Each structure stands twice: as C-alpha cells, then as structure tokens.
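Worksheet: one structure, shown below.
The values are calculated or read from the model by the stated rules, or taken from the named source; none is laboratory data. Keep in mind that this is a model prediction, so the values were computed, not measured. Every residue, glycine among them, receives a Cβ derived from its backbone with ideal geometry; neighbour counts consider all protein chains shown. Please note that ligands, DNA and RNA were not included when accessible areas were found on the heavy atoms of the full protein model with its side chains. Shrake-Rupley method; radii C 1.70, N 1.55, O 1.52, S 1.80 Å.
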Amino acid sequence: EYPVKVINNGIDLKTFKPFKGNFRNKYNLDGKFIILGVASVWDRRKGLKYFIELADKVSEDEVIVLVGLTGKQIEKIPKNVIGITRTNNVEELVNIYSSADVFVNPTLEDNFPTTNLEALACGTPVITFDTGGSPESVDGNTGFVVQKGNIDELLYKIRSLIKRSNVEIQEVLKMTKNRAESMYNKDDKFKEYVELYKSVK
C-alpha cells in the first residue's frame, strides 16, 4: 500500500564517453575483436568461469580482456586471455571500454551493475546473463540478454556483433551512448532524488 519510486544508478558522463586511446596498440590488438570483462573482484558470482570456458571457443581473431584480476588469477587464466589488475585510473578504464567491441557480463548475482552503464556510455554494446538486475540496462538496440550459463548462446551473440557493417557499428555506438545519456546521467539522478525528497516533506 506504499508508493514505490525507482531511481536507477547514474554515472559521470563527462568521464565515461567514447575515447580514442592507445589500448589496442599497447597490447598489439589491432584487427582483433575485443571481448571485455570488468569487475572490481572476480569471484564465482561475477562469472569468471564462463570467460575461462569461452577462451576455449574463441578464434585467433577474437581476444578476451579481463580487468580487475589479481596477480594469482592472471597466472592461472588461459594464455589467450589478457589479464589486467584492477585499475584506479578512470581514464585508463574509459580507454579500455572504448577500445572493446563488446562488453560481456556473465554475472550470476547483481543488483544493477555499474559496469554495464559505463560500457554503454563509452559506446560499447553489452551482453549479459538473464540474472538479477543486469538485463535492465540493455535493450534490443544496445546488446543482448542470454540464458544464464549458456556459453554457446553467448558466443553466438558475440559473433553476431562481429558480422556488423561499419554503418551498423556506428549506429550501435550512437544508440548505446544515447541510452546512457537519456537514462543513466548521474546529474539527472541527483535531481530525481531532490524532487523525491521535496515530494515527501
């Protein structure tokens, strides 16, 4: 019987935006299709095991990049996965998001992952499992939602993005950026909180 108001998480769109950096050159990834995963802590819930499984299926032209791994995790991941420790440099993170062709979030438990929003704001489509609140940030124009744990479906959706033309790629970049700007701007979210507080005085 109580009113319910949902205010989504917001991000800083002055920071998270498409950026042309040197990430591809730094890691010798020119011409590669980059599949990105980002987490502050990679544990069972974040779906690290699914990236390990995916590594067995990707081709030589596809590369997995994981950000947020520990040194021990980097020692254990497959040789065709680029592991990067957690970075506190936001510009570096924006560079990585913007360089990726797709952001994959195989999370098993999440409320509303900020990483999805950051990827969208940088113009990168998102593919996520149908778990928790992760699918809420994705629509049919900005990514895909796949069945939890279904690696074959995950790979199929990734490769459907590889087949896009340059025009389609630019259109997706535009739509992902627009979705972030229209729905997840932190300044707009702050205003929503203020308006909510005013309404319940």
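The residue list LYS79, LYS72, LYS14 contains one member that is under 21 Å from ALA121 (Cα atoms) and without any contact (Cβ under 8 Å) to a residue 12 or more places away in the chain, which is LYS14.
So which of VAL146, VAL126 ends up being touching a helix residue (DSSP H, G or I) at 6+ places or on another chain (Cβ under 6 Å), without any contact (Cβ under 8 Å) to a residue 24 or more places away in the chain and open to solvent by less than 20 Å² (accessible area, probe 1.4 Å)?
On the way: VAL126 fails: without any contact (Cβ under 8 Å) to a residue 24 or more places away in the chain.
Checking each option against the conditions leaves just VAL146.
Could you list, in sequence order, the residues of the range 10-57 that are at pLDDT below 95, among the small types (Gly, Ala, Ser) and more than 20 Å from GLU118 (Cβ to Cβ)? The answer is GLY31, and nothing else. Report, by residue number, each residue of the range 83-123 that is touching a helix residue (DSSP H, G or I) at 6+ places or on another chain (Cβ under 9 Å), of a type in the set (A, V, I, L, M) and farther than 17 Å from PHE144 by Cα. Of everything in the range 83-123, those that are touching a helix residue (DSSP H, G or I) at 6+ places or on another chain (Cβ under 9 Å), of a type in the set (A, V, I, L, M) and farther than 17 Å from PHE144 by Cα turn out to be ILE84, LEU93, VAL94, ILE96. Residues in the range 150-199 that are touching a helix residue (DSSP H, G or I) at 6+ places or on another chain (Cβ under 6 Å) and in a helix (DSSP H, G or I) were compared, and the one that is most open to solvent (accessible area, probe 1.4 Å) is ARG179.
Please specify each residue of the range 132-142 satisfying the condition of being open to solvent by 10 Å² or more (accessible area, probe 1.4 Å) and closer than 17 Å to GLY37 by Cβ. Can you show your working first?
In the first step, residues of the range 132-142 are kept if they are open to solvent by 10 Å² or more (accessible area, probe 1.4 Å); the result is 132, 135-136, 138-141.
Correct list: GLY132, PRO135, VAL138.
Taking LEU108 as the residue in question, decide whether it is closer than 25 Å to GLY132 by Cβ, in a helix (DSSP H, G or I) and either touching a Ser or Thr at 6+ places or on another chain (Cβ under 9 Å) or among the polar types (S, T, N, Q) (or both). So LEU108 fails the test. Residues in the range 1-33 that are farther than 27 Å from ARG179 by Cβ and either touching a strand residue (DSSP E or B) at 6+ places or on another chain (Cβ under 9 Å) or surrounded by 15 or more Cβ atoms within 10 Å (Cβ to Cβ) (or both): 1 in all.
Can you find, within the range 94-123, the residue that is surrounded by the fewest Cβ atoms within 10 Å (Cβ to Cβ) among those that are among the acidic types (Asp, Glu) and modelled with pLDDT of 95 or more?
Of the range 94-123, the ones among the acidic types (Asp, Glu) are 101, 109-110, 118.
Next cut, modelled with pLDDT of 95 or more only: 101, 118.
On the way: ASP101: 19, GLU118: 23.
Looking at the filtered set, the residue picked out is ASP101.
Among the residues of the range 34-46, not one is open to solvent by 90 Å² or more (accessible area, probe 1.4 Å) and of a type in the set (Phe, Trp, Tyr). Checked against (1) at pLDDT 95 or above; (2) open to solvent by 30 Å² or more (accessible area, probe 1.4 Å), ARG86 passes all but a single condition, namely (1).
Listed residues LYS49, LYS79; which is open to solvent by 70 Å² or more (accessible area, probe 1.4 Å), of a type in the set (Lys, Arg), part of a helix (DSSP H, G or I) and out of contact with any Leu (no Cβ under 7 Å at 6 or more places or on another chain)?
On the way: LYS79 fails: part of a helix (DSSP H, G or I).
Result: LYS49 is the single residue among LYS49, LYS79 that is open to solvent by 70 Å² or more (accessible area, probe 1.4 Å), of a type in the set (Lys, Arg), part of a helix (DSSP H, G or I) and out of contact with any Leu (no Cβ under 7 Å at 6 or more places or on another chain).
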